[in-house]
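For reference, the structure is listed below as structure tokens.
Bear in mind these aren't lab numbers, they're just calculated from the coordinates by the rules spelled out. Everything quoted here is computed from the prediction, not taken from an experiment.
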């Protein structure tokens, strides 16, 4: 059974590019971060309430592959899916597409931590939201 896909559109603005009009490599990480934030919000995860309760999401690991350059005024679509969920981590696959062409891929591992920087298990309500997404 395939996982549901969260779609998040991004338009490339001049500020996202280098002098040649090509998206600066670090901005792909910003694009996929926005998509993840939008995705967990649409699932019903209130990150402000989590933080007030002393728990925050933290990216622990990212593997990424730059396949083609995005350029000024491109319309991109970020696709986010769950690769795996355990008691302590969430692994997501994210693709950036320009039309049908995949131009960037990432596998992102996120964990939850306390405000003091100690790892904690993913809250049960978060695991339930993710498993039913």
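Quick notes on this one:
- Helix-only mean residue ellipticity at 222 nm for the chain, each DSSP H run of n ≥ 4 adding -39500 (n - 2.57), per residue, nearest 500: -7500 deg cm²/dmol
- Principal-axis tilt of helix 25-43 within the chain, Cα atoms, nearest 10 degrees: 40 degrees
- Cα-Cα P(r), the range 38-83, percent of pairs per 5 Å interval: 5, 12, 16, 21, 17, 14, 9, 5, 0
- Potential lengthening between residue 65 and residue 91 on full extension [0.36 nm per residue; Cα-Cα distance subtracted]: 7.7 nm
- Computed log₁₀ I(q)/I(0) - Debye formula, equal Cα scatterers, no solvent, the chain, q 0.13, 0.22, 0.23 Å⁻¹: -0.57, -1.29, -1.36
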